[in-house]
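Asks: Here it is: the structure, laid out below.
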Amino acid sequence: MQELGKAELNTTRIIRQDDNRVVIEKDLDTEYMVLSMGPQHPSTHGVLRLECITDGEVVVEAEPYLGYLHRCFEKYCEKIDYPAIVPYTDRMDYLAGINTELAYCITVEKLLDIEIPRRVEFIRVITAELNRIASHLVAIGTYGIDLGAFTPFLFCFRDREIILSLLEWVSGARMLYHYVWIGGLSYDVPADFKKRVSEFVNYFKPKVVELQKLLTENEIFVKRTKGIGIMPAEVAINYGWSGPMLRGSGVKWDLRRNDPYSIYPELEFDIPVPDGKFSDVGDSLSRHLVRALEMDESLKIIEQCLDKMPEVSGFDPRAVIPKRIRPKAGEVYGRAENPRGEVGFYIVSDGKSTKPLRCKARSSCFVNLSAMKDLSKGQLIPDLVAIIGSIDIVLGEVDR
Amino acid sequence: MDKVMEEAGNLMSPMVQESKAAYDIIRERFGEAVSEFDANPTMPFFEVIDTAKWVDIALFMRDNSRLKFNCMACLSGVDYLEEGKLGIVCNFESIGNFTHRIAVKVKCQREGGSIPSVSCVWHTANWHEREAYDMYGMVFDGHPDLRRILCPEDWTGFPLRKDYQVQETYHGIKVPY
């Protein structure tokens, strides 16, 4: 008995005839079919249209079509003041609002002459890491449900609810925070915040272990993601990949270490890079593994920040914010490590106006998704779903 | 006080010094095709004056063993209205090899201007150049697939230009908000 290879799947037909003879016809002619995994689809993580040209079940080419969520962020930036842009940056990657706000604020602060108070830096890092955990929980949960695992999805969202209620307690909003402002924060944290966050950290540590056992070590999950969508390291760098995608391909590159900002130089944490023992380096399982292990590192960071955060009585997080934010003339490209990769802002200021001349948002998902066409050649359609889930896109950031 | 003395002495920070060292290698090879180094403290850059040599400079930056700029972090289109030009600003870094970073500017005319495409050198440039074309209208010579990416395919005009007038209707829908 011989097994059919992927290439032969579509050109072979096996029939059992009336006299019980089995006839195998090979090298039949086939036609390509254009299938639109359209903007409305439960597994494309948003309004993404994939135009797949398929030969039976095998995808010949899957080209992404974007722009369904394009909201002209960059044109708005030229018409409104610097502080008013912060809510718009929230809405780009809506699952990691604080990280994107942080990326924007540290970029503008490079053109200003202010010194951020230490307590503000610590609160920024704590909320950013909490948001990173929440974002990874969505990524892992939705990846599981795309492949048919329904239970981890609800486990992830149950834990995410706790983080969202913590962030709502601090900033007033569950998802679109407008919390990190240029030069400070909008409010100080409540009195019991440290206690509640350390309770959460102690509650969540065993949950990460449980999630690993439930999803990552599940035999079906491993079979569906191991060896799918392999991206070698040099090609990944050439495509501009960053964040968990690049670390999944074996490159130890994390902006919190390689281009540090805020108080990350003072904190100790590891950068998980899969070594190929459990998954193939560069495949979808590696990328998922990086996200799962990163949640542990974020918990470590939060614990250290809670210990080191200075207590200042009568603290005003808006103390250093200038009345009118008018950065000096110049241009800057500043970036931060978002849960999905490198989010950068290229800002040009003419020194006289309170509105930027040009504010370009370099979005991590846009760059990560550009490799989709090459990654999907020769894959089966269910594997396409596995690849998109591992890229972890948020269309708000792709289209801006 | 220190800042005043620093500006007076015109010292460059270590980051800018590393970029200058990388620039010197490029200048040595290409001479007058690149402009003088601009030691901007937040984003050191140089400009490519001879745009026909842009692909050669890009290949040199990526492959030379002392530079190894293997990652293009970002490519942004910019509209220089006073000069009457459009341009791109590219940010580069070297992942896993060196710690230097640099930015490059390339400019072209507003009407009918074109810049050689570097999507064959860094794949990041593929979609970024499509976005710059979509928003500004400068053509990238040699790009494998230059068409609109964020706006609909039949949109007229280039939205991010400073003198852009939004169209009145699109397929019968009133556009101005």
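Here, each number is a calculation from the coordinates, and none is a lab measurement. Since we're looking at a predicted model, the values are computed, not measured. So basically every Cβ, Gly included, is an ideal-geometry build from the backbone, and we count neighbours across all protein chains shown.
Asks: Could you work out [θ]222 nm for chain A from helices alone, using -39500 (n - 2.57) per DSSP H run of at least four and dividing by all its residues? Round to the nearest 500 deg cm²/dmol. Kindly include the intermediate steps, with their values, before the conclusion.
Replies: Values: 16 runs with 169 residues, N = 400.
One gets -12500 deg cm²/dmol as the mean residue ellipticity at 222 nm.
Asks: Mind giving me the FRET efficiency for B:Glu168 and A:Lys373? R0 is 41 Å, r the Cβ-Cβ distance, nearest 0.05 is fine. Show your work: numbers first, answer last.
Replies: Numbers: r = 35 Å, r/R0 = 0.86.
Efficiency at R0 = 41 Å is approximately 0.70.
Asks: If you don't mind, another one. Go ahead and set up a Gaussian network model of chain A, Cα springs under 10 Å, then flag whichever of A:Leu166, A:Leu246, A:Leu35 fluctuates most.
Replies: A:Leu35
Asks: Shape verdict for segment A:290-400, please, from the Cα gyration tensor: rounded (a/c under 1.5), prolate (a/b greater than b/c) or oblate.
Replies: Working: a/c = 3.86, a/b = 1.41, b/c = 2.74.
Oblate, since a/c reaches 1.5 and b/c is not below a/b.
Asks: Sort segment B:2-151 into rounded, prolate or oblate with this rule: let a ≥ b ≥ c be the square roots of the eigenvalues of the Cα gyration tensor; rounded if a/c is under 1.5, and if a/c is not under 1.5, prolate when a/b is larger than b/c, oblate otherwise. Could you put the intermediate results ahead of the total?
Replies: On the way: a/c = 1.90, a/b = 1.48, b/c = 1.28.
It comes out prolate by the Cα gyration axes.
Asks: For peptide B:91-100, how many partner chain Cβ atoms fall within 10 Å of a residue's Cβ, on average? Intermediate results must be reported in sequence, preceding the final value.
Replies: Details: counts 5, 0, 6, 1, 12, 7, 0, 0, 2, 0.
Partner-chain Cβ atoms within 10 Å, mean over residues of B:91-100: 3.
Asks: Equivalent-ellipsoid semi-axes (√(5λ), Cα gyration tensor) for segment A:73-399, whole Å, largest first?
Replies: Working: eigenvalues 217, 115, 52 Å².
In descending order, the three semi-axes are 33, 24, 16 Å.
Asks: Determine the gain in length on full extension of the stretch A:Ser165-A:Asp270; use 0.36 nm per residue of separation and subtract their C-alpha separation, reporting nm with one decimal. Mind dumping the intermediate values first?
Replies: Numbers: separation 105, 0.36 × 105 = 37.80 nm, distance 2.78 nm.
Full extension from A:Ser165 to A:Asp270 adds 35.0 nm.
Asks: Then there's this: Relative to the longest principal axis of the C-alpha atoms of chain A, give the angle of the C-alpha long axis of helix A:284-308, reported between 0 and 90° and rounded to the nearest 10°.
Replies: 20
Asks: Search the structure for amide H atoms under 5 Å from the amide H of A:Glu342, placed 1.01 Å from N in the peptide plane, and list their residues when 5 or more places away or on another chain.
Replies: Residues meeting the amide H criterion: A:Ser242, A:Gly243.
Asks: Name the residues whose placed amide hydrogens come within less than 5 Å of the amide hydrogen of A:Val59, ignoring near sequence neighbours (fewer than 5 apart) on the same chain.
Replies: Placed amide hydrogens put A:Gly378, A:Gln379, A:Leu380, A:Ile381 under 5 Å from A:Val59.
Asks: Something else about it: Apply the Karplus parameterisation 6.51 cos²θ - 1.76 cosθ + 1.60, with θ equal to phi minus 60°, to every residue of segment A:216-227 and state each ³J(HN,Hα) to the nearest whole Hz, in sequence, with x for glycine and proline.
Replies: Along segment A:216-227, the couplings run 5, 9, 6, 4, 5, 4, 5, 5, 7, 10, 6, x Hz.
Asks: Right, here's the next one. Which shape class, rounded, prolate or oblate, goes with the protein assembly as shown when its Cα gyration tensor gives a ≥ b ≥ c as root eigenvalues, a/c under 1.5 marks rounded, and past that a/b bigger than b/c marks prolate?
Replies: Numbers: a/c = 1.70, a/b = 1.20, b/c = 1.41.
Because a/c hits 1.5 or more and a/b fails to exceed b/c, the protein assembly as shown counts as oblate.
Asks: Let me ask another. How far, in nm, would the chain grow between A:Cys72 and A:Lys355 when pulled straight, counting 0.36 nm per residue and subtracting the alpha carbon separation? Don't jump to the answer; show the numbers that get you there.
Replies: Numbers: separation 283, 0.36 × 283 = 101.88 nm, distance 1.60 nm.
Computed gain between A:Cys72 and A:Lys355 is 100.3 nm.
Asks: Modelled label-to-label distance, A:Asn258 and B:Glu83, 7 Å Cα→beta-carbon offset: nm?
Replies: 3.0
Asks: Most exposed first by the Cβ proxy, i.e. fewest other Cβ within 10 Å, how do A:Ser363, B:Ser94, A:Ser376 rank? Each step should come with its number before you reach the end.
Replies: Working: A:Ser363 27, B:Ser94 19, A:Ser376 22.
Going from sparsest to densest Cβ surroundings: B:Ser94, A:Ser376, A:Ser363.
Asks: Please average, across the residues of B:129-140, the number of beta carbons from any other chain that are within 10 Å of each residue's own beta carbon, and give a whole number.
Replies: Details: counts 0, 2, 5, 1, 0, 2, 4, 0, 0, 0, 0, 0.
Per residue, the number of nearby Cβ atoms from other chains is 1 on average.
Asks: Here's another thing I want to ask about it. Pulled fully out, how much extra length does the chain show between A:Lys205 and A:Ser313, if you take 0.36 nm times their separation in residues and subtract their Cα-Cα distance?
Replies: Numbers: separation 108, 0.36 × 108 = 38.88 nm, distance 3.15 nm.
So the chain would gain 35.7 nm between A:Lys205 and A:Ser313.
Asks: Modelled label-to-label distance, A:Ile220 and B:Ser13, 7 Å Cα→beta-carbon offset: nm?
Replies: Here the answer is 5.2 nm between the modelled labels.
Asks: With the contact rule set at Cα under 8 Å and sequence spacing of 6 or more, what percent relative contact order holds for segment A:48-195?
Replies: Values: 154 pairs, mean separation 34.5, N = 148.
With pairs under 8 Å counted, the relative contact order is 23 percent.
Asks: Once phi is turned into ³J(HN,Hα) by the Karplus curve 6.51 cos²θ - 1.76 cosθ + 1.60 with θ = phi - 60°, what whole-Hz value does each residue of segment A:363-380 show in order, with x for glycine and proline?
Replies: Per residue, the Karplus-derived 3J(HN,Hα) values read 9, 5, 5, 4, 6, 4, 6, 5, 7, 4, 4, 7, 6, 8, 5, x, 8, 7 Hz.
Asks: Please list, ordered by chain and number, the residues whose modelled amide H lies under 5 Å from the amide H of B:Asn40; skip anything fewer than 5 residues away on the same chain.
Replies: B:Phe45
Asks: Hey, another quick one. Would you tell me the mean number of C-beta atoms belonging to other protein chains that fall within 10 Å of each C-beta in A:234-243, as a whole number?
Replies: Numbers: counts 3, 1, 3, 10, 9, 7, 13, 4, 3, 0.
Across A:234-243, the average partner-chain Cβ count within 10 Å equals 5.
Asks: Right, another one. How do A:Val367, A:Val290 rank when sorted from fewest to most other Cβ atoms within 10 Å of their own Cβ?
Replies: A:Val290, A:Val367
Asks: Of all DSSP beta bridges located in chain B, what percent are antiparallel, nearest 5? Please list the in-between numbers first.
Replies: Values: 22 of 29 bridges.
Antiparallel bridges: around 75 percent, rounded to the nearest 5.
Asks: While we're looking at this one, here's another question. Find the relative contact order for segment A:181-303 and round it to a whole percent, using C-alpha pairs within less than 8 Å whose residues are 6+ positions apart.
Replies: Once divided by the residue count of segment A:181-303, the mean separation gives 30 percent.
Asks: Return a whole-number percent for the relative contact order of chain A, with Cα pairs under 8 Å and 6 or more residues apart as the contact set.
Replies: Working: 735 pairs, mean separation 98.2, N = 400.
Rounded, it is 25 percent for chain A.
Asks: Convert each backbone phi in segment A:89-94 into a coupling constant with the Karplus relation 6.51 cos²θ - 1.76 cosθ + 1.60 (shift: θ = phi - 60°), then list the ³J(HN,Hα) values in order as whole Hz, x for Gly and Pro.
Replies: Listing the rounded values in order: 5, 3, 7, 5, 9, 6 Hz.
Asks: Using Cβ contacts closer than 10 Å as the measure, can you line up B:His123, A:His136, A:His70 from fewest to most?
Replies: Details: B:His123 21, A:His136 27, A:His70 17.
The order, fewest Cβ neighbours first, is A:His70, B:His123, A:His136.
Asks: What GluC sites (Glu not before Pro) in segment A:297-400 are in a loop by DSSP, with at most 12 other Cβ atoms within 10 Å of the Cβ? Please report the intermediate quantities before stating the final value.
Replies: Working: sites: A:Glu297, A:Glu303, A:Glu311, A:Glu331, A:Glu337, A:Glu342, A:Glu397; in loops: A:Glu311.
For GluC sites (Glu not before Pro) across segment A:297-400 that sit outside H, G, I, E and B with at most 12 neighbouring Cβ atoms in 10 Å, the list reads A:Glu311.
Asks: How far apart, in nm, are the 7 Å Cα→Cβ label points at A:Asp113 and B:Asp154?
Replies: Going by the 7 Å Cα→Cβ label model, 5.5 nm.
Asks: So what's the angle, to the nearest 10 degrees on a 0 to 90 scale, between helix B:124-136 and the longest Cα principal axis of chain B?
Replies: 50
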